[in-house]
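Just so you know, all these numbers are worked out from the coordinates, no wet-lab data involved. Small disclaimer: the values here were computed from a predicted structure and weren't measured. Ideal geometry is used to build each Cβ from the backbone, glycine not excepted, and the neighbour counts take in all protein chains shown.
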Amino acid sequence: MEQFIGNIDAKTDVKGRVFVPAAFRKILQTAEDLRFILRKDIYKDCLVLYPMTAWNDELSKIRERLDEYDEEQRDFYLQFVSDSELVEMDSLGRILIPKRYLQIADIKSEVRFVGVDNTIKIWSKTKFEEFLKTNNEVFKQNARKFLSKTSQS
C-alpha cells in the first residue's frame, strides 16, 4: 500500500461522520482496504486510523516483541487492542467517528487528517495547529539532532 502523505481539513456532521479526504480515499480504494481500526494515539490527543492491513501488521510487530507469559506485557496488549474500534467507509466515502473518540480527541467539528506512513492521524484542527506552533522549536532541534551527519556516527 502507498503511504499517506499530507494534511487535509474536513468537518464532521452532527452524527460524527466525516468524509475521508479524496487523496487518501484513492489510496484505500486502490488497495481495496475500506475497513479500518480507529484508536486513540498513545502519545498525543488525536486518533489513529489504521487500514486493516496496517493494523494487522502493527499487531504482529507488537506480539513479536511481547512475552505472552508476562502479566505486565499482556495487560499492555489487552489495553492496546481493547481501546480500538472497527469502522467502515460508506459508499459516499465517509467514516463514523464514535462519540467517545470525538470527546477523547476534543473534536468539535473541524478535523485535520494527517497522513503518517501507513496510517492516518485525525486531529482536532485547533489541537493540531497548537501542536505545530508549540512544537516548532523542538522540531528544529530534533531535525538537527536526528538528521545531521555528525549524529549519524
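Tabulated data
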quantity: Peptide ranges 74-81, 107-114 listed from the most packed, as the mean C-beta count within 10 angstrom indicates; calculated: 107-114, 74-81
quantity: Restricting the stretch 25-93 to GluC sites (Glu not before Pro) in coil, as DSSP defines it, with at most 11 other Cβ within 10 Å; calculated: E32, E68
quantity: Qualifying chymotrypsin sites (Phe, Trp or Tyr not before Pro) in the stretch 10-44, DSSP loop, other Cβ atoms within 10 Å at most 10; calculated: Y43
quantity: Length-normalised contact order of the stretch 94-133 in % [C-alpha pairs under 8 Å, at least 6 apart]; calculated: 31
quantity: Two-site FRET efficiency, K140 against R25, from Cβ-Cβ distance with R₀ of 25 Å, rounded to 0.05; calculated: 0.15
quantity: Candidate lysines - alpha carbon under 24 Å from K125, same-chain residues fewer than 8 apart omitted; calculated: K11, K15, K26, K40, K44, K99, K108, K133, K140
quantity: Using a Förster distance of 30 Å, the FRET efficiency for D70-K108 (Cβ separation, nearest 0.05); calculated: 0.15
quantity: Sum of -39500 (n - 2.57) over DSSP H runs of 4+, divided by residues of the chain (222 nm, nearest 500); calculated: -13000 deg cm²/dmol
quantity: Mean separation of Cα contacts under 8 Å (6+ apart) over length of the chain, as relative contact order %; calculated: 34
